[in-house]
1. Can you figure out the FRET efficiency of B:ASP22 with B:ASP61, using R₀ = 51 Å and their beta-carbon distance, to the nearest 0.05?
2. Would you calculate, for chain B, the mean residue ellipticity at 222 nm contributed by helices, counting each DSSP H stretch of 4 or more residues as -39,500 (n - 2.57) and dividing by all residues, to the nearest 500?
3. In whole percent, how big is the carbon plus sulfur part of the accessible area of chain B, probe 1.4 Å, protein atoms only?
4. Indicate the residues belonging to the range A:39-65 that lose 10 Å² or more of solvent-accessible heavy-atom surface (probe 1.4 Å) upon moving from the chain alone to the assembly of all protein chains, ignoring ligands and nucleic acids.
5. If one takes the accessible area of chain B alone plus chain A alone and subtracts that of the pair, with a 1.4 Å probe, what total in Å², rounded to the nearest 100, results?
6. Round to the nearest 10 and give me the degree value, 0 to 90, for the angle of helix B:3-17's Cα axis relative to the longest principal axis of chain B.
7. Determine the calculated [θ] at 222 nm for chain A from helices alone, applying -39500 (n - 2.57) to every DSSP H run no shorter than 4 residues and normalising by the residue count; nearest 500 deg cm²/dmol.
8. Looking at the P(r) of the range B:108-187, how many percent of alpha-carbon pairs lie beyond 18 Å?
Amino acid sequence: MREDMLASILSDLNGSSADIEASAVISTDGLIMASLLPANLDEDRVGAMSAAMLSLGDRTASELTRGSLEMVLIKGSQGYVVMTHAGEEAVVSVQAKSTAKLGLVFLDIKRAAEAISKVI
Amino acid sequence: MDDREYEQLLQYAKQFSGVTEDMENTLQGLYERVKPHMAEVTDSFYTVLLDIPKAEPFLIDRLDALKETHNRWMESVFSGPFELDYVKAMYRVGDVHVKAELPVEFMAGSMALITTRLHQLLGTIFKDEPEKLIESVSAVNSILGFTLMVMQQSYESSRLAEELEKFLKITGMSRTLFDNLASAYKE
Ligand code: HEM
């Protein structure tokens, strides 16, 4: 039931913009709760890596006096990875195209994170 | 460590040190000849240790107890069997030293001291039997090397555990997240 709701939120998120290529909801311990990922990506790795990055992001934001963490953004030559908290217990990780309009992507992710935090 | 890991360590340490059943028999055969001199070997070991400024603070107040423990350990070296129980016991002894915060080099240093003293002793016991001398010196070298490897393994894992703790504290990662990350990358 909860998994279905999370899957539906991810489906809306991926559908909200052609720039978003994949997304996942992950527990803060790094386990996938729901995902819409391409077949070539290993779910366990995406989950654990995203949660680890967010944990490190939390630490970095506070160590470097940037306040509480809002998101972690990674830009690679092939595109973006954006991660943010969805409530206390979960992480949303999104992959977007290198040509993505980030402002819009951020808004979509924020909306999805809020919806996820209500479900969890 | 679980039994499978102890078994792996046993085989690994045996491969390096060359402990075999023949050597085990040789060591057992030496027991009666060496036993009357064990206390001397132990005394001389601790006399040297007491002269090492870094070692001395670990010894005062408990010298007699340590000598007794040490003698018992030496008896086990000339008894065997050198199988899983011996590995477990020596791994635990390594752990006790880690907890007592003894520097790791004390282990290799001590084995060098004990090896020298046992060689000298065997030299006097077998002064007219060169073949027996070589055989017993080889067996002593093997078992002491074997024991050292096992003891040092506890130092290695405890150092890794300490470093991991530090890493988790710095990054804010939970132990469960780290385990999940590690298992996601298991080959
Ligand atoms: C070949 C080297 C050594 C061997 C085989 C050896 C053996 C042992 C054994 C069998 C124990 C008892 C462990 C138990 O509680 O079951 C022990 C404890 C201890 N050893 Fe060693 N030892 C070695 C070197 C050293 C050295 C070099 C020092 C100090 C300079 C040392 C200091 C201690 C101390 C302080 C304890 C007691 C720890 C405690 O009870 O709190 N050992 N050792």
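The values are calculated or read from the model by the stated rules, or taken from the named source; none is laboratory data. Everything numeric here is computed off the predicted structure, so don't read it as measured data. Neighbour counts run over all protein chains shown; Cβ positions are idealised from the backbone, glycine included. The area values use the complete protein model at the heavy-atom level, side chains included, leaving out ligands, DNA and RNA. Shrake-Rupley method; radii C 1.70, N 1.55, O 1.52, S 1.80 Å.
1. Numbers: r = 42 Å, r/R0 = 0.82.
FRET efficiency, B:ASP22 to B:ASP61: 0.75.
2. So the helix-based figure for chain B works out to -27000 deg cm²/dmol.
3. Numbers: 5970 of 10830 Å².
Carbon with sulfur: 55 percent of the solvent-accessible area.
4. In the range A:39-65, residues shielded by partner chains: A:ASP44, A:ARG45, A:ALA48, A:MET49, A:ALA52, A:SER55, A:LEU56, A:ARG59.
5. Details: alone 11370 and 7090 Å², together 17380 Å².
In total, chains B and A hide about 1100 Å² from solvent.
6. 50 degrees
7. On the way: 3 runs with 54 residues, N = 120.
Here the helix-only value at 222 nm equals -15000 deg cm²/dmol.
8. Values: 1961 of 3160 pairs.
Tail fraction, whole percent: 62.
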